[in-house]
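Scroll down for the structure; my scribbles are underneath it.
The values are calculated or read from the model by the stated rules, or taken from the named source; none is laboratory data. What you see is a predicted model; the values in this text were computed from it and never measured. When we count neighbours, we look across all protein chains shown, and the Cβ atoms used for this are built from the backbone with ideal geometry, even at glycine.
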Amino acid sequence: MGLLDSVLDAVTNSSQSSGGLQDIIGMVSNNSQLLAVATSLLGNDGGVGGLGGLVAKFQQAGLGDVIGSWIGSGQNQAISGEQLSNVLGGDALSGLASKLGVSSGDVAGQLSSILPSLVDKLTPAGQAPAGGLGNAGDLMGALGALLKA
């Protein structure tokens, strides 16, 4: 199953549940830049090394169980903006914030509200794909198409 198929399947299967990809799309529909920032974190060509790199950063920060819950099939653990700031580091967060034209705290808060569900829905098999989630452009294109639907 390709990435677009996985995303479309996630949308179809999340229509009755809260925290689904449709909810994420609703949150970012007026801010495609936030979606671009989120996909830059998850894309294999992103600054953190894709989903695998993000998992490593969470583990280094002592929050491996948190991102593991997003990838796994159980309940997603919440993360605060402050915790996400600790995971990503000040420099990376400042760079993301400058792309959005907001403060580092604001971008951390916004990302902390969408990343758990986004990662969850992009890993529907309950595990990270061996090759990652693809490049950020592929992710953005697939999710962008859903925004227009």
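Structure data summary
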| read-out | value |
| --- | --- |
| Residue check for L93: crowded, with 21+ Cβ neighbours inside 10 Å, of a type outside the set (S, T, N, Q) and over 21 Å from G72 (Cα atoms) | yes |
| Residue satisfying condition, being at pLDDT 95 or above and closer than 24 Å to G134 by Cβ, within set S69, S73 | S69 |
| Top-ranked residue of the range 19-38 - restricted to ones that are over 18 Å from Q77 (Cα atoms) and part of a loop (DSSP other than H, G, I, E, B), ranked as modelled with the lowest pLDDT | N30 |
| Some residue of the range 62-80 being among the polar types (S, T, N, Q), surrounded by 15 or more Cβ atoms within 10 Å (Cβ to Cβ) and either out of contact with any Asp or Glu (no Cβ under 9 Å at 6 or more places or on another chain) or in contact (Cβ under 8 Å) with a residue 60 or more places away in the chain (or both) | no |
| Unique residue being over 17 Å from I114 (Cα atoms), modelled with pLDDT of 85 or more and among the β-branched types (V, I, T) when the list is V102, V48 | V48 |
| Test result for L41, farther than 15 Å from P129 by Cα, surrounded by 14 or more Cβ atoms within 10 Å (Cβ to Cβ), modelled with pLDDT of 80 or more and among the hydrophobic types (A, V, I, L, M, F, W, C) | yes |
| The range 59-95 - residue that is part of a helix (DSSP H, G or I) and hydroxyl-bearing (S, T, Y) and, of those, nearest to S40 (Cα to Cα) | S94 |
| Those residues of the range 96-107 which are farther than 12 Å from L41 by Cα and part of a helix (DSSP H, G or I), in sequence order | A97, S98, K99, L100, S104, G105, D106, V107 |
| Yes/no for G47 being out of contact with any helix residue (DSSP H, G or I) (no Cβ under 6 Å at 6 or more places or on another chain), part of a loop (DSSP other than H, G, I, E, B) and on the phi > 0 side of the Ramachandran plot | no |
